[in-house]
Structures are given as structure tokens and as C-alpha cells.
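Before any comments, here is the structure.
The values are calculated or read from the model by the stated rules, or taken from the named source; none is laboratory data. Because the structure is a prediction, the values reported are computed rather than measured. Note that we place each Cβ from the backbone using ideal geometry, even for glycine, and neighbour counts take in every protein chain shown.
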Amino acid sequence: MNDNRKYKYNSKSESKRTEFTIIVNWIKKGSSVVDLGSGDGTLLKILKDNKKTDSFGIEIAPSGVTAAKKKGIKTKAGRIDEKLPFKDKEFDYAICNVTLQMVMYPEILLSEMKRISKRQIITFPNFAFLLNRLDLLINGVMPRFMISTYKWYSTGHIHQLSIKDFEIFCKTNGFKVLNTNHIGPGRFLHLPSDPLIKIAPNLFASMGVYLLEEDKK
């Protein structure tokens, strides 16, 4: 049975994700970057190669740390939803890519990202996406699109959130939204998804991608 709580990576694995291009475009050349929940290190390797970043990763899975180090990425094993071993504003960017919903204390993770970096990039699956709503309403089950190929009990998702949830959190916890990009899902609905996403991202987007900084007001 598939179980994404085990976080096992092949030492030669290379992830391919739609949001990587968005993240890379947002980061300035020569920046210092920490990736919290860095997986196999693919994103940091792309940033290092294309943006000449000073890249560092933290990953809970030993196999992820091994895979990242083989790519030449400085990486350490550890949790990310606790006090992190970095100075205030030590990095230009802190990234948390599709991991926020998998940690026990997401509010601590976000607070630490704001503390250790000038800007924060967060991506997460949108629980309020239309197909999730329909699955729960019609079938009365945990939305299967959200946990594709897994069962409700074998997924690492423990804090499901929506785009609206996240934006409310930002407003009430000292974050300023600098840029957003809401992804998909045209290939699932066979609709011109971009206009729909712009009108109602909380309903039609399957993923939120956010660039933030501390709101000093």
C-alpha cells in the first residue's frame, strides 16, 4: 500500500513539479535560500544551477538528505515546525513547498520562516478546490483528488487548508502578500481554467503559491 508518511526517496531521484518554475522566477540571482522540507533537493539544485543561489535544505527523511547531498546541496536532517537553528533574517528566501499541511505545528513553521528570512515562499494544495468539495458532498468521503493514490489513513496530510484559510492567516499574523500564482486544474475539468482561477481561486485552483514578507505595519 502507498504511504506518503514514510518519505522515502531514491538516492538518484529528481522531482518534477509545476510550481518549481514559478518559484525559480521569483528568486533573485545570487540569493541565499533555505528550503524547509527540501525532499530530494531537486528544487535547491535547480536554484543553485540557474540562479547561483547559496542553497541549504532541512528534510526529515534521511533518504531525502542523502539524495540532496548527492546533488551537491548542503542539507541536514530535522524537523521544521520548531525553533530553527538560524539567525534572524539569515536568508533572503525561505521556501516551504507542499509541506505546510504535513507538519504538526504549521503556525510555528510560518512564524520561523518569517523570522529567519526576508521573504517567504509557500505552496500548498487547496482543500477547497471544486473537485474536493464535490467528492465530500456527493460521495461523503475524504476528497480523493487531495490524496491521490493514498487512503485517508496513509497520507501525510494532517492540516488541510484552503486558499481562503491561508490568506486569513497571513492578514492576522503579520504577513504581507507580494505575489500569488494559483495553479491548475484545466487538465482535470477540460475547461479554460485560467479565467476561472482569477475569478474564484479558492474554488477553481488546486494549489496556491505565495510570495510573502513580514508586514511591518
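Condition first: within 14 Å of the chain's Cα centre (by Cα) and farther than 29 Å from ASN2 by Cβ. Can you find one or more residues in region 175-184 that meet it? Don't jump to the end; show me each part of the working.
Pass one, region 175-184, residues within 14 Å of the chain's Cα centre (by Cα): 180-183.
Right, trim to farther than 29 Å from ASN2 by Cβ and you get 180.
Yes - at least one qualifying residue is present in region 175-184.
Scanning region 42-78 for residues that are surrounded by fewer than 23 Cβ atoms within 10 Å (Cβ to Cβ), farther than 14 Å from LYS12 by Cα and charged (D, E, K, R) yields LYS48, ASP49, LYS51, LYS52, ASP54, LYS74, LYS76.
Residues that are within 15 Å of the chain's Cα centre (by Cα), of a type outside the set (Phe, Trp, Tyr) and farther than 17 Å from GLU107 by Cα: does region 186-195 have at least one? There is no residue in region 186-195 that is within 15 Å of the chain's Cα centre (by Cα), of a type outside the set (Phe, Trp, Tyr) and farther than 17 Å from GLU107 by Cα.
Residues in region 22-52 that are among the hydroxyl-bearing types (Ser, Thr, Tyr), touching a residue at least 40 places away in the same chain (Cβ under 8 Å) and in contact with a Lys or Arg (Cβ under 8 Å, 6 or more places away or on another chain): SER31 alone. Is there a residue being part of a loop (DSSP other than H, G, I, E, B), under 19 Å from ILE22 (Cβ atoms) and either free of Cβ contacts under 8 Å to residues at least 24 places away in the same chain or not basic (Lys, Arg) (or both) anywhere in region 179-191? Yes - at least one qualifying residue is present in region 179-191. The C-beta contact set for region 203-216 (first residue polar (S, T, N, Q), second residue assigned to a strand (DSSP E or B), distance under 8 angstrom, 6+ apart or interchain) comprises SER206/PRO125; SER206/ILE183. Taken over region 15-51, the criterion of being under 20 Å from GLY156 (Cα atoms) and in a loop (DSSP other than H, G, I, E, B) is satisfied by SER15, LYS16, ARG17, GLY37, SER38, GLY39, ASP40, GLY41.
Just a yes or no: is a residue in region 152-159 surrounded by 13 or more Cβ atoms within 10 Å (Cβ to Cβ), touching a helix residue (DSSP H, G or I) at 6+ places or on another chain (Cβ under 8 Å), within 16 Å of PRO106 (Cβ to Cβ) and modelled with pLDDT of 95 or more? Spell out how you get there, then give the answer.
At the first step, the residues of region 152-159 found to be surrounded by 13 or more Cβ atoms within 10 Å (Cβ to Cβ) are 154-157, 159.
If we keep only those that are touching a helix residue (DSSP H, G or I) at 6+ places or on another chain (Cβ under 8 Å) as well, we get 156-157, 159.
Now drop any that are not within 16 Å of PRO106 (Cβ to Cβ), which leaves 156-157, 159.
Narrowing the set further to residues that are modelled with pLDDT of 95 or more leaves none.
No: zero hits.
LYS12 meets the conditions (1) closer than 28 Å to ASN126 by Cα; (2) part of a loop (DSSP other than H, G, I, E, B); (3) charged (D, E, K, R) in every case but one. The failed one is (1).
Can you spot a residue in region 56-66 that is free of Cβ contacts under 8 Å to residues at least 60 places away in the same chain and hydroxyl-bearing (Ser, Thr, Tyr)? Spell out the reasoning first.
So the first thing to find is which residues in region 56-66 are free of Cβ contacts under 8 Å to residues at least 60 places away in the same chain, and the list is 56-66.
Restricting the remaining residues to those that are hydroxyl-bearing (Ser, Thr, Tyr) gives 63, 66.
Yes - at least one qualifying residue is present in region 56-66.
Applying the criterion of being assigned to a loop (DSSP other than H, G, I, E, B) and of a type in the set (Ser, Thr, Tyr) to the residues of region 85-118, the residue that is surrounded by the fewest Cβ atoms within 10 Å (Cβ to Cβ) is TYR105. Only a single item in (1) at pLDDT 95 or above; (2) closer than 19 Å to THR75 by Cβ; (3) surrounded by fewer than 12 Cβ atoms within 10 Å (Cβ to Cβ) is not met by GLY30, and it is number (2). Of all the numbered requirements in (1) modelled with pLDDT of 95 or more; (2) closer than 26 Å to ILE58 by Cα, ILE183 misses one, and that requirement is (1).
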